[in-house]
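Reading through the structure tokens given below for one structure.
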Amino acid sequence: MFFKLQILYFWLKTKLAYPLRSREAIARWQARRLAVFAKKVLKKSVFYARYWAGKGFDWVAGVPVISKTEFMKNFDDINTQHITYAEALAVALNAEETRDFKSEIKGVTIGLSTGTSGKRGIFLVDARERALWVALVMHRVIKPRLFKKQKVAFFLRANSNLYASVNSALFEFRYFDIFKPLPALLEGMDTFKPAILASPPSILVDIATAQRNKQINIQPTQIISFAEVLHESDRQFIEATFQLKMAEVYQCTEGFLGATCTHGTMHLNEDFVKIEPEWIDNERFYPIITDFSRHSQPVVKYRLNDILQIKKAPCACGSALLAIEKIVGRDDDVLIFGGIKIYPDLISRRIAQSTDAFSQYAIVQTTENTLEIGIESPTEIFEDLKQIFIAVLDKLLQEFGVQSITYSFENQVLHIAGDKIRKIKRLIKN
């Protein structure tokens, strides 16, 4: 009962909060919250206490920017719950093996994330943070309907107490384990008949294909994409199938970072997370995040290798929260040839303009001048598709002055069940 009251408290607090209508108001709000965060939380973290030293938030300039590697290396000293990496990892790995995700230590939920990088990370979420997460999701993503319980289908690599917390008088949550065969998932979802469908876009494409082929018959009222980059061609296919505008959530191990508004624009949750851009050019940046809502495992000046593209025109919704045109991809989704960078959204857009006759594809840069390309398609059109891909890539590479690139093709896309789908990725170091 107390947990549900916490959710209600945070939901009302967020819903009734005075709107931050300017960038100046957001900066003032963040400064106040960060000062409280430093005093109440960071002095309990062995790792961050050395920088805080009673200085309020003035210490921020001296705190190092860290990546996932350093974050996990200093796991024991960063978290405030006196939980070691070894014991948290043991609990998380056991949950992965048994597929029983009710994993806790001292009342703190333990989760394992591999992310699109493939490197595992352990995250901690206490009951307060779970309640706040549910309240934010209810406020910004899945809208409650009074007097009507909505069924929510979550397609996930791993379940968690965090996600299961959505269960309530308003929502019936069901977890679909994407390690299971697709036909079994489709059958279970068709029986469940969800009103809200939340899934990585690669699974949503499979669901939309099954709907078009009349293998299933569902009528969701909301579709939510998360965990993978949502390519525009996939968005159009899914939205056309269900005649619905999709919502997108920017959620990662490090926190709930953003969600689309009613006008379809992704806004970052700057009322809970400070975002410092590390600019790549005048449009794209890597986000460096400080989440002042996280107490059990503080996230401070954490550099993500996601590439975000800023939206220059004001959003019609009127929110002053930073608007993102798109999540372009990850740093290692960018192909690099002799120092020349080609971003994944440009490649996928060119291919989408040329053909959609494939089921899916993957382009992998394995050496400085080699691209391995997998295309799933009917055998009789595979050779034609190869020529289309070659023509598209040749033209694009020539525009950037890149020459002498070798292609190899297969009529399949190798994919490990449960891993995030990435259409374009680079395996070599730049």
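General remarks:
- Filter result (touching a residue at least 12 places away in the same chain (Cβ under 8 Å) and out of contact with any Leu (no Cβ under 8 Å at 6 or more places or on another chain)) within the stretch 90-108: Val91, Arg99, Phe101, Lys102, Ser103, Glu104, Ile105, Lys106, Gly107
- Selection status of Phe155, within 17 Å of the chain's Cα centre (by Cα) and either modelled with pLDDT of 80 or more or crowded, with 17+ Cβ neighbours inside 10 Å (or both): yes
- Filter pass, Thr367 being surrounded by 20 or more Cβ atoms within 10 Å (Cβ to Cβ) and of a type in the set (Ser, Thr, Tyr): no
- Some residue of the stretch 267-278 being touching a Cys at 6+ places or on another chain (Cβ under 6 Å) and either part of a helix (DSSP H, G or I) or crowded, with 21+ Cβ neighbours inside 10 Å (or both): yes
- Residues of the stretch 205-232 that are more than 16 Å from Leu185 (Cα to Cα), in contact (Cβ under 8 Å) with a residue 40 or more places away in the chain, not in a loop (DSSP other than H, G, I, E, B) and not charged (D, E, K, R): Gln222, Ile224.
- A residue that is at pLDDT below 95, part of a helix (DSSP H, G or I) and over 16 Å from Ile347 (Cα atoms) occurs nowhere in the stretch 397-418.
- Among residues of the stretch 254-264, those that are in contact (Cβ under 8 Å) with a residue 24 or more places away in the chain, surrounded by 20 or more Cβ atoms within 10 Å (Cβ to Cβ) and touching a strand residue (DSSP E or B) at 6+ places or on another chain (Cβ under 7 Å), counted: 5
- Residue match in the stretch 236-248 (condition: in a strand (DSSP E or B) and crowded, with 20+ Cβ neighbours inside 10 Å): yes
- Summed over the stretch 389-415, residues that are touching a Gly at 6+ places or on another chain (Cβ under 6 Å) and in contact (Cβ under 8 Å) with a residue 60 or more places away in the chain total 0.
- Residue ID - surrounded by the fewest Cβ atoms within 10 Å (Cβ to Cβ), chosen from residues in the stretch 288-314 that are among the β-branched types (Val, Ile, Thr) and touching a Lys or Arg at 6+ places or on another chain (Cβ under 6 Å): Ile288
- Yes/no for Val60 being of a type in the set (Val, Ile, Thr), at pLDDT 90 or above and within 14 Å of Thr290 (Cα to Cα): no
- Total residues in the stretch 243-265, condition of a type in the set (Ser, Thr, Tyr) and in contact with a His (Cβ under 6 Å, 6 or more places away or on another chain): 0
- Residue count, the stretch 321-347 (criterion: under 22 Å from the mean Cα position of the chain (by Cα) and not in a strand (DSSP E or B)): 11
- Qualifying residue in the stretch 323-343 (condition: more than 26 Å from Phe389 (Cα to Cα), touching a helix residue (DSSP H, G or I) at 6+ places or on another chain (Cβ under 8 Å) and either among the basic types (Lys, Arg) or modelled with pLDDT of 85 or more (or both)): no
- Counting the residues of the stretch 284-307 that are touching a residue at least 40 places away in the same chain (Cβ under 8 Å) and either assigned to a loop (DSSP other than H, G, I, E, B) or hydrophobic (A, V, I, L, M, F, W, C) (or both) gives 12.
The values are calculated or read from the model by the stated rules, or taken from the named source; none is laboratory data. Just so it is clear, the structure is predicted and the values come from calculations on it, not from any experiment. Glycine gets a Cβ as well: all are built from the backbone with ideal geometry, and neighbour counts include every protein chain shown.
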